[in-house]
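The values are calculated or read from the model by the stated rules, or taken from the named source; none is laboratory data. Just so we're clear, the structure is a prediction, and the values are computed from it rather than from any experiment. Glycine gets a Cβ as well: all are built from the backbone with ideal geometry, and neighbour counts include every protein chain shown.
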């Protein structure tokens, strides 16, 4: 029985990424290629971030219009604002002194679901691929989003029409502005169709369009599948989560909504005792 001193080389399988190792260090890359493009020789000096992201996700060089559309989607959802549940989750983590990673994970966890979250984007993009511009089919789906759902997974049934805000009365101005701008970038796409049929769909449901409805249609116009759209949505919302978490950490818990400014220690005997807050023992 003989043994071999030959070391097996790792054999990672990827159609996205290829690396050439340095001649004196197999653990360091001499050249890195993304879908055939040399990242540090060609992409770095010549491409924008939006062009690079599109190449990573789709595998092709984007057109100027696709580049601009992706860039504007990123601008719209980079910071959903403090009314958004995922941002408030990051703020809670930040004000509590959590690590940077914990703050972002909090935002990802809360922003991953079916109410204003990434899974809603997944569902909508999936339906765009199936229903296209069929208004009657969309009305049927939106009024019965769980009727034809046969996949077995962790997600519960929808309690509202995906892409619409069940607690809203009218469509907010910021959503209308976003819809109009993105529709102008894709005049023959899903976003333009949504703008044309928004009022009729809102009347059917009796509540207004939400930002997930807008963003899902725009990401579909980029040619993304449902799973890639879900991932992209999660990533693009992290800048707002990050900066709000850092801001609240700096401001401190006493200025944090909604309880810090109303909480005062009236009797603090020290670390060995039990303080009271407004007369209530902790």
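Can you tell me which residue within the range 110-122, out of those that are part of a helix (DSSP H, G or I) and closer than 15 Å to residue 80 by Cα, is nearest to the chain's Cα centre (by Cα)?
So, considering only residues that are part of a helix (DSSP H, G or I) and closer than 15 Å to residue 80 by Cα, the one nearest to the chain's Cα centre (by Cα) is 118.
Can you tell me which residues in the range 109-133 are within 12 Å of residue 231 (Cβ to Cβ) and either without any contact (Cβ under 8 Å) to a residue 40 or more places away in the chain or surrounded by fewer than 19 Cβ atoms within 10 Å (Cβ to Cβ) (or both)?
Listed by number, the list holds a single entry, 112.
With respect to the numbered conditions (1) free of Cβ contacts under 8 Å to residues at least 24 places away in the same chain; (2) closer than 30 Å to residue 250 by Cα, which one is the sole condition not fulfilled by residue 183?
(2)
Hey, which of the helices (runs of 4 or more DSSP H) in the range 176-257, taking only ones fully inside, have at least 1 residues that are surrounded by fewer than 18 Cβ atoms within 10 Å (Cβ to Cβ) and at pLDDT 95 or above?
Result: 190-205, 226-236, 238-251.
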